[in-house]
1. Is the C-alpha gyration tensor of segment 357-420 telling us rounded, prolate or oblate? Criteria: a/c under 1.5 is rounded; beyond that, a/b larger than b/c is prolate, otherwise oblate.
2. Evaluate the relative contact order of segment 186-420 (contact order divided by residue number), counting alpha-carbon pairs under 8 angstrom at least 6 apart; express in whole percent.
3. How large, in Å, is segment 74-216 by the Kirkwood hydrodynamic radius built from its alpha-carbon pairs?
4. Determine, for Thr82, Thr173, the number of other Cβ atoms within 10 Å of each Cβ, and report the residues in order from fewest to most.
5. Please work out whether segment 213-284 counts as rounded, prolate or oblate from its C-alpha gyration tensor, where a ≥ b ≥ c are the square roots of the eigenvalues and a/c under 1.5 means rounded, while otherwise a/b larger than b/c means prolate and anything else oblate?
6. Which of the aspartates and glutamates could a cross-linker span from Lys275 if the Cα-Cα distance has to be under 12 Å and same-chain partners fewer than 8 positions apart are dropped?
7. If neighbour count is taken as other Cβ atoms inside 10 Å, put Asp327, Asp252, Asp243 in order from fewest to most.
8. Please give the helix 270-294 orientation as an angle from the longest Cα principal axis of the chain, in degrees from 0 to 90, rounded to the nearest 10.
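Only the coordinates and a few stated rules stand behind these numbers; no lab work does. All of these numbers come straight from a predicted model, not from anything done at the bench. Heads up, the Cβs are rebuilt from the backbone with ideal geometry, glycines too, and the neighbour counts pull from every protein chain shown.
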Amino acid sequence: MNLRYFLLGLIVPAMMIGCQKPDTPQEDPTPEPPVEKPDTPVTPEPEIQLAPEIKSGDCVLAPNKYAEEFVKNVTYPDRDYTYSVVLDYHGGYNGQLAEGESVNGDKSSEYTIRWEANEAEGKLQLVLSEQETGWSMTKEITAGSNYVDVNNLTPNVHYTYKVSSIDNGTVMTEGNFTTYGHIRQVFFKTRVRNGRDMGGWLTYDGKMVKYHKIYRTGRFESSTLANSGIKAIKAEGVLAQLDLRNTSDVLDAPAIAGFDFCAPLIETGGDSMLKAEKGDKTRQCMQFIIDCVKNDKPVIYHCSLGRDRTGTLGMIILGVLDVVEGDISKEYEVTYFSPRGWSIATSETYKTFQNLRTTWAYKPAAEYIWAGKYPNGTYEFNDDKESPDYTPFSVRVEKYLLDIGISQADIDAFRELMLTEPYPSLQPAE
């Protein structure tokens with residue numbers, strides 16, 4: 001037999017046997033592990049960044065830490081506008097910031113009160129109350145929430161808080177805490193900046209300006225407030241608005257319906273504001289402020305940025321209340337802890353609008369009051385600080401207000417209603 005045919009006969013049957021399906025399954029001695037398919041990427045839920053928690057018994061800083069450092073550490077002398085140190089402090093506007101850093105130095109410190117969530121309790125409410133002032137506010141909270149933010153705190157007071165169900169009164173959490181600090185900053189909405197309560201400043205004889213009476217801010221209008229801002233302002237208890245702006249941007253009605261409203265049309269701040277129309281513009285402003293205080297209607301006053309016109313009127317308000325004049329100039333500079341564009345113009349090198357106590361608008365306004373040459377008369381003042389007849393800043397402001405038409409009775413009533421004994425500092429030991 002041909003050898004080639006013989007070998008082919010052996011190979012073909014062997015190939016056929018190898019292709020037949022076995023009668024019984026054969027085990028794979030070393031099975032390969034299954035190939036794992038990669039999971040579909042899942043976008044994680046954004047993590048909520050909560051403010052520091054307040055627990056019952058805590059003592060917390062009320063204002064922003066940067067503004068607090070400036071107000072606490074700086075003392076300016078009366079009637080000396082030769083220097084300023086505010087640019088040395090880390091704040092909202094300035095070149096002290098690292099690249100990419102943003103500091104909202106005009107925003108008060110914010111905290112959260114927390115509890116265990118229970119959606120079955122329905123909508124909740126926070127009641128926050130101050131022992132020293134008698135002020136309180138109520139804030140509605142969404143069902144199922146487990147925290148609420150608190151800010152705009154008043155320094156050196158005792159707070160109580162309670163979070164409870166609106167439907168059945170179930171208490172989710174309650175407690176108390178205290179605060180410390182030197183000023184009260186208020187923040188209602190991102191585009192309403194440079195806000196603070198005029199209370200807390202001390203007079204020469206040791207009295208303190210009351211909180212929750214007069215507020216100053218930058219631009220204050222419905223387009224910048226939105227609903228959340230309006231709710232916050234109503235919860236604060238504000239009932240009146242004084243708009244210091246001129247014809248280009250002044251409102252013709254209050255930003256919040258139902259508020260008492262005044263808009264005298266003021267072109268600029270500084271001494272020119274105090275002189276305008278023989279002082280009539282300032283008279284309108286101060287009469288409105290005094291009437292609001294007498295009628296127990298907390299009032300917000302503002303210009304475009306809350307800086308020059310607002311700062312000039314602030315000098316008159318605190319001046320007639322006998323607040324230390326060097327501190328009034330410091331209050332003017334707290335505006336620097338607002339973001340750039342509110343505290344200064346868009347450029348830090350644009351000197352015209354650096355608005356220090358040493359330049360515009362505080363210095364010319366203060367020097368005008370010190371000098372005694374007012375719109376309707378010139379007054380002789382004693383400048384000798386060592387003399388028992390020395391004329392203090394408050395008396396000079398009083399003379400100015402009398403000169404422009406504010407009555408002595410209104411000045412006396414304003415002082416009586418706006419001053420109280422100071423609250424002891426509650427700052428915890430370091």
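1. Cα axes put segment 357-420 in the rounded bin.
2. The normalised contact order for segment 186-420 reaches 22 percent.
3. About 17.9 Å for segment 74-216.
4. By the 10 Å Cβ count, ascending, the order reads Thr82, Thr173.
5. In terms of gyration-tensor shape, prolate.
6. Leaving aside aspartates and glutamates fewer than 8 places away in the same chain, those within reach of Lys275 are Glu267, Asp403.
7. Asp252, Asp327, Asp243
8. Taking the Cα atoms of the chain, the angle to 270-294 is about 80 degrees.
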